[in-house]
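In what follows, a single structure is set out as structure tokens and then discussed.
The values are calculated or read from the model by the stated rules, or taken from the named source; none is laboratory data. Computed from a predicted structure; not experimentally measured. Heads up, the Cβs are rebuilt from the backbone with ideal geometry, glycines too, and the neighbour counts pull from every protein chain shown. We work out accessible area using only protein heavy atoms, side chains counted, and drop any ligands, DNA or RNA first. Shrake-Rupley method; radii C 1.70, N 1.55, O 1.52, S 1.80 Å.
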Amino acid sequence: MRWDRLFEDLDAQWDADQQRQRHAEVADRTRRERALITLTDRLAAQQDPIEILLRSGRRLTGRLADLGSDFVVIADGPRRRLIPTSAIVQYDGLTGQAAGPKQVRAIRRYTWGYALRALARDRATIMIDDAAGRTLTGTIDAVGADFVDIVEHPADVSGRQREIRGRRTLPTTAVMCLSTT
């Protein structure tokens, strides 16, 4: 009888130890898998509106309309805002989900600089919010490796010589948000 209780006790200890090892292994695998998830993966799965806090202190709210490796596009009604991820301090409202192999949203292959050069080529009138909290309205004249030249003019006119209010050169790191007028 004493042997029976001893073996029952040993069996219970063995089962409990095996259970602890399985729980530890599952927790370790979960941490390793989570460590491979990028912010871009989470953004690609996002369906609900989010709020973004920029380095300038400005907050933008909207639906994620597009996504690249180094930029996001936020839609707030008809307005679209192109934002470099380097300008973003915080995201509020992200779900805990990450896009899987069949991503919910395609991630653009081109970069922030490529998008800026396309806007310069199209001579689109844009509004740029910068790190100082200013909003500049005009046309992108040139995009360099680390700067953007802006020809300032009223939103309702093209950048003809007589309408130009100024020329500004901004480091790309100072651009917080860009939208078309």
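A few points about this structure:
- Test for Ala35: is it under 13 Å from the mean Cα position of the chain (by Cα) and over 27 Å from Thr172 (Cβ atoms): no
- Selection status of Val151, surrounded by 15 or more Cβ atoms within 10 Å (Cβ to Cβ), β-branched (Val, Ile, Thr), modelled with pLDDT of 90 or more and under 25 Å from the mean Cα position of the chain (by Cα): no
- Single residue of segment 52-70 satisfying the filter (closer than 26 Å to Tyr114 by Cβ and among the polar types (S, T, N, Q)) that is surrounded by the fewest Cβ atoms within 10 Å (Cβ to Cβ): Ser69
- Each residue in segment 62-81 was checked for being under 18 Å from Tyr110 (Cα atoms) and either touching a helix residue (DSSP H, G or I) at 6+ places or on another chain (Cβ under 6 Å) or free of Cβ contacts under 8 Å to residues at least 60 places away in the same chain (or both), and 11 pass.
- Residue in segment 42-61 that is in contact (Cβ under 8 Å) with a residue 12 or more places away in the chain, part of a helix (DSSP H, G or I) and out of contact with any strand residue (DSSP E or B) (no Cβ under 8 Å at 6 or more places or on another chain) present: yes
- Qualifying positions in segment 28-51 - surrounded by 10 or more Cβ atoms within 10 Å (Cβ to Cβ) and farther than 30 Å from Arg80 by Cα: Asp28, Arg29, Thr30, Glu33, Arg34
- Among the candidates Tyr91, Tyr114, the residue that is among the hydroxyl-bearing types (Ser, Thr, Tyr) and either modelled with pLDDT under 90 or more than 17 Å from Val175 (Cβ to Cβ) (or both) is uniquely Tyr91.
- Residue in segment 109-123 that is open to solvent by less than 50 Å² (accessible area, probe 1.4 Å) and in a loop (DSSP other than H, G, I, E, B) present: no
- Scanning segment 124-142 for residues being surrounded by 15 or more Cβ atoms within 10 Å (Cβ to Cβ) and either among the polar types (S, T, N, Q) or over 27 Å from Leu43 (Cα atoms) (or both) gives a total of 7.
- Test: Asp141 is out of contact with any helix residue (DSSP H, G or I) (no Cβ under 9 Å at 6 or more places or on another chain), over 16 Å from Met176 (Cα atoms) and assigned to a strand (DSSP E or B): no
- Some residue of segment 75-85 being open to solvent by 60 Å² or more (accessible area, probe 1.4 Å), β-branched (Val, Ile, Thr) and within 17 Å of the chain's Cα centre (by Cα): no
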